[in-house]
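Data first, discussion second: the structure below is written as structure tokens.
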Amino acid sequence: MLSIPFAGHTPMNLVESLLHALKDHGARQIFGIPGDFALPYFRIIEESQILPLHTLSHEPGVGFAADAAARAHMGIGVAAVTYGAGALNMINAVAAAYAEKSPLVVLSGGPGKGEARSGLLLHHQAKTLDSQFQMFKEITCDQVRLDDAARAPADIARVLANCRRRSEPVYIEIPRDMVNLPCAPVMREPAPPVDAEALAACVAEILARLAQAKSPVLMAGVEVRRYGLEDKVALLSRRLGLPVVTSFMGRGLLADHDAPLVGTYMGVAGLPEVTQLVEGSDGLFLLGEIICDTNFAVSETRIDMRKTIQALDGRVTMGYQLYPDLPLAVLVDALLESLGPTEKAFAVKPATYPHGMVADSASITPTDIATAVNDLMAAHGKMPIASDMGDCLFTAMEIEHTALVAPGYYATMGYGVPAGLGLQAATGQRPLILVGDGAFQMTGWELGNCRRYGWDPIVLLFNNASWEMLRTFQPESGFNDLGHWGFAEMAAGMGGDGVRVGTRAELKAALDKAVATRGRFQLIEVTLPRGVLSATLQRFVAGVKRLSAVK
């Protein structure tokens, strides 16, 4: 077991011990908003400088930024808030991280032990002082209240180990009268042992099934990135000689890795050749997938999951055979070792994406935006993308394969802008943010924090004055109308540059200027006609309606 270092062997307090443990487990920064119950531990975060602190404006943005940071750097994200009004305001963001298996650590201040015994109702309290703790049990895989300094190191070690092993959020509550108590360093928990015989049997069965299949396919899911396995999975695909697809949620995986990547599977909404490859496979190997509706409910031909090989959630399932307690990283290593160094050379036809937007006076469509971004990245290099929900995410499917964070399964609005900030803070790379006007109204104002931290994302705001994706399913409802807010004019007051564009020529000029301007965020408000959808969303809507009619 390893202990984490601390300078000069100076005795640590409880929060310092926690911060060193967070850093040791892969945290690179903390996103947060202080409050009175959190002030004592925020002071230690700031003064100790063990991890940098980025404060934002609203707790949902804190959760989304920390979630995206975790996804981007394959460590853990940390969201720090106060008790009650802060933590409960972040529940939606934590639920999204739980649904999509993002290793997020929630730090919440809490009432002191003496306050809890006072007999008085405390401000920020809901039903009971314990209500918040109980609520977070539903959306985290482990929880602890650090009310015993002697026990705290073991509790912290357990919770952070579960966050990393399960790649799911955890909850740590810090009573405000505990923060300065002396505390021993945290000792890392060792990885649990793996049954070597079960692992060998599982590997043999997987390889036998793939060898017998006439058209095997490997589908890579989000756990491949969560556990830092993209290099190894790319190598595995070459040694197996399998074509690779990603799921809708896994879009962006393997973008910078040498894998025989064909495209993204989206069922009726996707490219027909990818759909036929996946749905016609008799050896579909689901590696780190989340078996959910956004990945599989729009299948042209219903996939029989009993005939797939599923390696996910720390287990492997093949038909009625279950191998429990086999971590994905251990399985991938064992497969590579069993296969040996030989790689099978074969050619795949990668997906093609639109290029060469004509910069004329025509109005802009979402596919024009994808085309313009492809042209931009062809000229200046790839950019990581943070996308919100809606047609902006479906438009991202028409952009060249690049790193992408998005709430593809949980499908919450408001993710894109704060996720882009988390992405730049975690990686140092300038991100491209895709967001609709409805989602921007929720969290777009977090851009006002860019100036303090030197972040300069390029934001493409899809403005059709509408919740347009909702309108596609219920066009008769007037509540989908939003009205034009004039976002471009608001950018200057938040410390950035804004421009509104309505033609393809204006879009190209705005992108060229944005990529050449560093140090300030660049907001490009793209005016879109109502009812004009990306080609991918058009296929999705048509396919869903057709499948619903068949049922």
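Read-outs throughout are calculated quantities, based only on the coordinates presented, and are distinct from any laboratory measurement. The structure presented is a predicted model; accordingly, all values stated were derived computationally and were not measured. Here Cβ is always computed from backbone atoms with ideal geometry, including for glycine, and neighbour counts include all displayed protein chains.
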Sum of side-chain charges, Leu507 neighbourhood, beta-carbon under 14 Å (Lys, Arg +1; Asp, Glu -1) = -2
How big is D, in µm² s⁻¹, for the stretch 7-183 by Stokes-Einstein at 4 °C and 1.567 mPa s if Rh is the Kirkwood radius over C-alpha pairs?
-> 82 µm²/s
Distant-in-sequence amide H partners of Ala80 (H built 1.01 Å from N, under 5 Å) = Phe31, Gly32, Ile33, Leu107
Excluding Arg209 itself, calculate the net charge of residues whose Cβ lies under 11 Å from the Cβ of Arg209, where each Lys or Arg counts +1 and each Asp or Glu counts -1.
-> -1
If each K or R counts +1 and each D or E counts -1, the residues other than Arg188 whose Cβ falls under 13 Å of its Cβ total +2
Taking Cα atoms only, Rg over Rh for the stretch 293-395 with Rh from the Kirkwood formula is 1.11
What share of all Cα pairs of the stretch 196-339, in percent, falls into each consecutive 5 Å distance bin?
-> 2, 10, 22, 26, 22, 13, 4, 1, 0
Global geometry of the chain, whether rounded, prolate or oblate, following the gyration tensor of its Cα atoms and the 1.5 cut on a/c | oblate
Quick calc, Arg43 & Leu122: beta-carbon distance into FRET formula, R0 22 Å, rounding 0.05, result 0.60
Alpha carbon centroid spacing (whole Å) that separates the stretch 383-406 from the stretch 43-117 | 25 Å
Cα-Cα over 24 Å: which of Lys307/Lys349; Lys101/Lys344; Lys232/Lys382; Lys349/Lys508; Lys101/Lys214?
-> Lys307/Lys349; Lys101/Lys344; Lys349/Lys508; Lys101/Lys214
Phi-based couplings in Hz for the stretch 72-83 (Karplus 6.51, -1.76, 1.60; Gly and Pro marked x) | 6, 9, 6, x, 10, x, 10, 10, 10, 9, 9, 6
Would you be so kind as to identify which of His54, Gln276, Gln310 lies farthest towards the positive end of the dipole of the chain, taking Lys and Arg as +1 and Asp and Glu as -1 on Cβ and the Cα centre as origin?
-> Gln276
Work out from phi, with θ = phi - 60° and the Karplus expression 6.51 cos²θ - 1.76 cosθ + 1.60, the ³J(HN,Hα) of each residue of the stretch 400-409, listed in order in whole Hz, and give x for Gly and Pro.
-> 3, 4, 8, 4, 9, 10, 6, x, x, 9
For the chain, build the charge dipole from Cβ charges (+1 Lys, Arg; -1 Asp, Glu) around the Cα centre, then report which of Gly32, Met219, Leu523 sits farthest towards its positive end.
-> Met219
In which sequence would Phe440, Phe42, Phe346, Phe31 go, from the one with the fewest C-beta neighbours within 10 Å to the one with the most?
-> Phe346, Phe42, Phe440, Phe31
